[in-house]
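Asker: The structure is given below, and queries will be raised subsequently.
Values in this text are rule-based calculations from the coordinates and carry no lab data. Every value quoted in this text rests on a predicted model; they were computed, and no experiment measured them. With ideal geometry, Cβ positions are generated from the backbone for all residues, glycine too; neighbour counts draw on all protein chains shown.
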Amino acid sequence: MPTTAARAPFSRRRLLQLSGASAAVIALGIDARAAHAAPPPEAEGMFSLGVASGAPRPDGAVLWTRLAPEPLADDGHGGMPAQEVMVRWEVATDEGFRGIVAHGRALAQPALAHAVHPRVEGLEPGTEHYYRFRVGRELSPVGRFRTLPAAGAQAESFSFGLVSCQAWYHGHFTAHRHLAAEEDLDLVVFVGDYIYEYGITETNLRRQGAEVGAAHRVEIETLEQYRLRYALFKSDPHLQAVHARAAAVAVWDDHEVQNDYAGPLSDTGIGEEDFAHRIAVAYRAFYENMPLDVAALPEGPETDITAGFDVGALARFSLLDSRQFRDPEPADAVEQHREDRTILGAAQEEWVGERLAGSEAIWNVLANGVVLVPITEDRTDMWDGFPAARRRLLAQMAEASNPVMLTGDIHRHVAAEIPADPDDPEAGRLGVELVCTSVASDGDGAVTDGYTEDWIQHDYVKLYDGRRGYVHVRLTPDEMVSSFHIVEWIEADDTAPKQLTARFTTPAGEPRLIPA
Amino acid sequence: MTPRPSRVVGLDAEPALATISLTWDSLGFDPLIDHYRVYAVPGESALAEPEESSLLGKTVYPRFTHAGLDPEGETWTYTVLAVTDAGERGEPSEQVVGASRPSVTATGTALATIGDFDGRTLEHHLAPASYAQIPTEHPDRVVEYVDGTDEPGTAWPYLLPGPGDAWAGGTAYRARWTLALEAVPTEDHDLALWLVDTTRLGGVLRVGANGEHIADLELPAGATRGSREGDATVPGSPLRRAFLELRVPAALLQAGQNVIELELAEGGWVAWDALGLFARE
């Protein structure tokens, strides 16, 4: 867990802690100015998994690609030979790449599945940039990102998309098609379940027109299987379009490893020492496939995906890990209500508390994998299973102006005003929670279902919609406008038009969801 | 560039019913091990170099269960090697010979059975996922099954719930299996209780015959998936089979009607594969 609010852009100390060989691997995957590699293989289609950018800062971002001429090769290496390949990248302020403002090289290596994560620095803040990669003579698709506003600058607005739960096999990524077409988009926030670990069989393959080979039919456990699963999901053109459209940040939930795992514990009885091996390869595959800073590269079964960044003086984002450090599912109500029970772990609680207390931003945005507001006592996988930890986080959020929680997990659009004190209905509200529905998980869905009453029984829940979609959020100094988009179907094809099912305005200083 | 993984050491083969459990020493996390490859050839034969045609399976864990072996018992020769994140393969381990223990389902003569010993719950009532109806159909928390009259598909629910199952009332369920023997047994018999899965809670299955206690069987922790999936033989299935077999003293049995009683006294449900009472040959 970082102990300071700002993360060092490239932690030399962390690199030096690693063994020599590992450090070299990582360093070259980020910056390989001085390295030499054999001529690239003659294969075509190196960029079949697209491009991405992430970890945005006022002066740059992390760029990502993973070379894979045969993205669905069973061994998870994407059809790449067991050799290093030099990848060149360039960044311009125009789509035609006439004004190149940065360029460099990174070494794609077999140990990281030929993924590269170069960090671009020295760019102008608050500026739209275009980037692309080159291997040999092959050029990648062009991606875009906008650098964050300069520290302390008063940004007029900042817009982001909110998505989660991409069960590729349950349907088409129509939501991503529409999100990628949003004109006003500075960032995409993935709040978990980017992949699913389940075997893909005829019983759950609801994406019509899709077929998968035998390698996809089993629950994934090995590194090659996790790599292959990311490749399958990332082969979707609409997901690639979203990544190419704007920088992305991501937290995970459970399915990046295994359904309902908690800290070091499996939900299916796998011994803790054994399960550490699965966590290690799952966390590694997450790093390899996302545009993340090097701090998210795991050491064995441990890593740090928390991150924080400021959007000028407008907003402070804090990305939380609500899986790796959580206590086990409670055996009974006494354990559930224990004061020392934690979902973030002590170090992360302290870190987010410092970020909130020290923030001068107008909007203080948190993102995590599971729903914060109280719904029912038996939803122990969400913050309902950690009431004492929720009280502590709510107290920390109350110290900051305009706290907002971003969440996914439940495959339903939900918008809620966060009660200041869950035990006191008269205590008012302290912030807002925006829960995005799934991109694909659970297939077509319906507006209401058997769970609706559990949620709308609370007067602080202002929206429930069980169809697929995404949320678009626009922040200005005066207000936050959250737009909940849905698509009517995803199983048959990707042609469903987008519909606005609800839009709310949250005035700065007023923690409410006002229908707009 | 990247190091070759170390050779796997500590390979051990533990015999069990219809399975051989392999374990070895973890190679740790640096370099990151993508998976271990387990090679096997039947019998006590020497593997010169492991061939891909004898690849038994891959696992990220430093253990592997060779399941689905012939209940009569099988002998295999194993070797394991590691593959790194870069795809580098290590040297194969030393070879180890393992043998599974024979099951009474193969060595004995079946006197009465419920279901097929096949790794599936599917032939049982309400399988593979309609467990929610069990408390409704058995409000007294007792399952009655009469050999020769009842059929598994209509009278034997695929789960026997336990106190850890809130959905079933959080109480111990009992199954009473009535079967007829032609004569007073002169030799001990064997009871085979094969499970497709158990819950993460594990538990205790209390076994009795004709009102006399025989044993409290410890249930291993399972995958808690057998309530929703019914076939443990699907490649990669997370279901965790368990094979419980125990002696039934001849003195507890009688000519004519006998009742085998099974009570899930502690923990969560068991998902039945099959049950059988066997005479020794």
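Asker: Give a residue-ordered list of calculated ³J(HN,Hα) values for the range A:42-57 (Karplus: 6.51 cos²θ - 1.76 cosθ + 1.60, θ = phi - 60°; whole Hz; x for Gly, Pro).
Answerer: Rounded to whole hertz, the list is 7, 4, 10, x, 4, 9, 5, 9, x, 10, 7, 9, x, 6, x, 9.
Asker: With a/c under 1.5 counting as rounded, go ahead and sort the range A:159-515 into rounded, prolate or oblate using the C-alpha gyration tensor (a ≥ b ≥ c being the square roots of the eigenvalues; past the cut-off, prolate if a/b is larger than b/c, else oblate). Present the calculation step by step, with values, prior to reporting the outcome.
Answerer: Working: a/c = 1.44, a/b = 1.15, b/c = 1.25.
The shape class here is rounded.
Asker: Turning to a different aspect of this structure: Would you pull out the residues with amide H under 5 Å of B:Leu17's amide H, same chain only if 5 or more places away, H placed 1.01 Å from N?
Answerer: Long-range HN contacts for B:Leu17: B:Arg101.
Asker: Sticking with this one: Using only Cα atoms, tell me the angle between helix A:272-289 and the longest principal axis of chain A; keep it within 0 to 90° and round to the nearest 10.
Answerer: 70 degrees
Asker: Let me ask something else about it. Determine the shape class of the range A:251-348: with a ≥ b ≥ c the square roots of the Cα gyration tensor eigenvalues, call it rounded for a/c under 1.5, and otherwise prolate if a/b is greater than b/c, oblate otherwise.
Answerer: oblate
Asker: Could you give the dipole magnitude of the protein assembly as shown about its Cα centre, charging the beta-carbon of Lys and Arg +1 and that of Asp and Glu -1, in debye to the nearest 20?
Answerer: With only Lys, Arg, Asp and Glu charged at Cβ, the dipole is about 2800 debye.
Asker: While we're looking at this one, here's another question. Report the net charge of residues surrounding A:Asp421, where surrounding means a beta-carbon distance below 14 angstrom and charges are Lys +1, Arg +1, Asp -1, Glu -1.
Answerer: Details: positive: A:Arg390, A:Arg391, A:Arg392, A:Arg429; negative: A:Glu417, A:Asp423, A:Asp424, A:Glu426.
Its environment carries a net charge of 0.
Asker: I've got another one for you. For the range A:22-115, just run the numbers: alpha carbon Rg, then divide by 2.2 N^0.38 Å, N being how many residues it has.
Answerer: Against the compact-globule rule of thumb, the ratio is 1.12.
Asker: Take peptides B:112-118, A:497-503, A:373-379 and line them up by average Cβ neighbours within 10 Å, highest first, as a rough protection proxy. The partial results should precede the final answer.
Answerer: Numbers: B:112-118: 18.7, A:497-503: 14.6, A:373-379: 16.6.
Going from most to least packed, we get B:112-118, A:373-379, A:497-503.
Asker: Report relative contact order for the range A:159-515 in percent, whole number only (criteria: Cα-Cα under 8 Å, sequence separation at least 6).
Answerer: 19 percent
Asker: Something else about it: Per q in 0.12, 0.18 1/Å, what log10 I(q)/I(0) does a Debye calculation on the alpha-carbon atoms of the range B:104-280 return?
Answerer: For the range B:104-280 at q = 0.12, 0.18 Å⁻¹, log10 I(q)/I(0) is -0.49, -1.15.
Asker: Can you give me the long-range amide H partners of A:Val365? Hydrogens built in the peptide plane at 1.01 Å from N, cutoff under 5 Å, separation of 5 or more residues or another chain.
Answerer: Amide H neighbours of A:Val365: A:Arg316, A:Phe317, A:Ser318, A:Val404.
Asker: Could you tell me which of rounded, prolate or oblate describes the range A:348-412, using a ≥ b ≥ c as the square roots of the eigenvalues of the alpha-carbon gyration tensor, with rounded for a/c under 1.5 and, failing that, prolate when a/b is larger than b/c and oblate otherwise?
Answerer: Cα axes put the range A:348-412 in the prolate bin.
Asker: Could I ask something else about it? Please enumerate, by chain and number, the lysines with C-alpha under 26 Å from the C-alpha of B:Lys58, excluding those fewer than 8 residues away in the same chain.
Answerer: Once the sequence-local lysines are set aside, what remains near B:Lys58 is A:Lys234.
Asker: Got a sec? How would A:Met86, A:Met80 order by Cβ neighbour count within 10 Å, fewest to most?
Answerer: Listing A:Met86, A:Met80 from fewest to most nearby Cβ atoms yields A:Met86, A:Met80.
Asker: Considering only DSSP states other than H, G, I, E and B, which GluC sites (Glu not before Pro) in the range B:127-235 qualify as loop sites with at most 14 other Cβ atoms within 10 Å?
Answerer: B:Glu182, B:Glu187
Asker: Could you give log10 I(q)/I(0) at q = 0.16 Å⁻¹ for the range B:94-177, computed by the Debye formula over C-alpha point scatterers of equal weight, without solvent?
Answerer: Per q value, in the given order, log10 I(q)/I(0) is -0.71.
Asker: Under the definition of partner shielding as Cβ atoms of other protein chains within 10 Å of a residue Cβ, what is the mean value for peptide B:59-66?
Answerer: The mean count of partner-chain Cβ atoms within 10 Å per residue comes to 5.
Asker: Mean residue ellipticity at 222 nm from the helices of chain B, using -39,500 (n - 2.57) per DSSP H segment of n ≥ 4 over the full residue count, to the nearest 500 deg cm²/dmol?
Answerer: Roughly -500 deg cm²/dmol at 222 nm, from the helical runs in chain B.
Asker: Please list, short to long, the whole-number percent of alpha-carbon pairs of the protein assembly as shown in consecutive 10 angstrom bins beginning at zero.
Answerer: So the P(r) values, bin by bin, are 3, 13, 21, 23, 19, 12, 6, 2, 1, 0.
Asker: Moving on. Hey, got a sec? Which GluC sites (Glu not before Pro) in the range A:134-190 land in a DSSP loop and have at most 14 other Cβ atoms within 10 Å?
Answerer: Those satisfying the criteria are A:Glu156, A:Glu183.
Asker: Could you work out how far helix A:223-234 tilts from the main Cα principal axis of chain A, as a 0 to 90 degree angle to the nearest 10?
Answerer: Approximately 80 degrees, to the nearest ten.
Asker: Pop out the ³J(HN,Hα) list for the range B:149-154 in order, Karplus 6.51 cos²θ - 1.76 cosθ + 1.60 with θ = phi - 60°, rounded to Hz; leave Gly and Pro as x.
Answerer: Coupling constants for the range B:149-154: 10, 8, 10, x, x, 10 Hz.
Asker: I want the local charge near A:Pro41. Using Cβ-Cβ distances under 13 Å, sum +1 for each Lys or Arg and -1 for each Asp or Glu among the other residues.
Answerer: -4
Asker: Follow-up question, since we're still on this one. Return the long-range amide H neighbours of A:Arg468 (sequence gap of 5 or more, or a different chain), with a cut-off of under 5 Å between placed amide H atoms.
Answerer: A:Val487
Asker: Give the range of the longest stretch in chain B that excludes all trypsin sites (Lys or Arg not before Pro) found in loop regions by DSSP and having at most 15 other beta-carbon atoms within 10 Å. Let's see the in-between values first.
Answerer: On the way: sites that count: B:Arg7, B:Arg228.
In chain B, the maximal stretch lacking such sites is B:8-227.
Asker: Using just the alpha carbons, could you tell me how many Å³ per residue the convex hull of the range A:102-184 encloses?
Answerer: Per-residue hull volume (Cα only) is 174 Å³.
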